[in-house]
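Encoded as structure tokens, the structure appears first; notes follow it.
The values are calculated or read from the model by the stated rules, or taken from the named source; none is laboratory data. Note that the structure is a prediction, hence the values are computed from the model and not measured. Virtual Cβ from ideal backbone geometry, glycine too; neighbours counted across all protein chains shown.
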Amino acid sequence: MLTPIYALTLDLDDTLWPIWPAIARAEVVLHQWLADHAPATAARFDTTALRGLRDAVAREHPEWRHDLSRIRQESLARALAEAGEDPALAVRAFEVFFEERQRVELFPDVETGLSRLAARFPLIALTNGNADLQRVGLARWFQGGVTARGFGIAKPDPRIFSEACRLAGAVPAQVLHVGDDLLLDVHGALGAGLQAAWMARPEVHPQPVEAPGGTRHVVADLNQLADCLGA
């Protein structure tokens, strides 16, 4: 028999909204800001080059993989310094990027699906990203959240799943984690003793592979998940 579910943890990026359109738009807004406030940096680094520098910092500092904000801000400081401009501007530049990054476009089912799920289960956000549920406008459906940056550890480490369960007030076996990434979300949750649902949205996974054994549900949107859970 399946263990009853008493709480849900939900990934955010590519589970509740597509992340790369928001990132790409934020990078354009950031570059426009640099053109006004750090023109030498904007001239030396286009958006592709800035993303490449960000990826280089991530490779150089795997110990920062839980803190995407730090990686982005450090890459901006490097770009400014290499262009001969004040690296302290990276703080403001990152805030410009971060603010725009919150302007996500929700998948069409999200508000209805969250409303249905939150009426039956405590919902806890669990993300490696740096989305802010207050700024995004979804905080009203969540009882709390755990971020890799705030906790200091990223998925798929079992400890971050355990912290989310603690916030949910349920033991891992009674918690269903919902996410789009097979490694970080599905394998991570199952390895931490949670149940798992794979959010295989066609927009994100046009050719989904087979979910790992033990996955409780494979769904294409939150309303389908709510139907499966009787919410």
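Here are a few things to note about the model shown:
- Criterion: closer than 26 Å to Thr3 by Cβ and hydroxyl-bearing (Ser, Thr, Tyr) - qualifying residue of Thr127, Thr147: Thr127
- Picking from residues in region 22-50 that are acidic (Asp, Glu) and exposed (fewer than 14 other Cβ atoms within 10 Å of the Cβ), the one that is nearest to the chain's Cα centre (by Cα) is Asp46.
- Flag: Gly152 does not match the condition of being in the same structural domain as Gly213 (by TED's automatic domain parsing), surrounded by fewer than 19 Cβ atoms within 10 Å (Cβ to Cβ), in contact with a strand residue (DSSP E or B) (Cβ under 9 Å, 6 or more places away or on another chain) and within 29 Å of Ala58 (Cα to Cα).
This table checks each residue for (1) in a helix (DSSP H, G or I); (2) more than 26 Å from Ile19 (Cα to Cα); (3) of a type in the set (Lys, Arg).
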residue: Arg51; (1), (2), (3): yes, no, yes
residue: Ser75; (1), (2), (3): yes, no, no
residue: Gly84; (1), (2), (3): no, yes, no
residue: Ala93; (1), (2), (3): yes, no, no
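- Check on Val186, within 15 Å of the chain's Cα centre (by Cα), in the same structural domain as Asp14 (by TED's automatic domain parsing) and not hydroxyl-bearing (Ser, Thr, Tyr): yes
- Checking each residue in region 107-133 for being among the charged types (D, E, K, R) and at pLDDT 95 or above picks out Asp109, Glu111, Arg116, Arg120.
- Flag if Asp13 is of a type in the set (Asp, Glu), closer than 30 Å to Arg201 by Cβ and either touching a residue at least 60 places away in the same chain (Cβ under 8 Å) or in contact with a Ser or Thr (Cβ under 8 Å, 6 or more places away or on another chain) (or both): yes
- Residues of region 119-128 that are buried (at least 18 other Cβ atoms within 10 Å of the Cβ) and either polar (S, T, N, Q) or not in a strand (DSSP E or B) (or both): Phe121, Pro122, Thr127, Asn128.
- Looking across region 1-21, not a single residue is buried (at least 20 other Cβ atoms within 10 Å of the Cβ) and modelled with pLDDT under 95.
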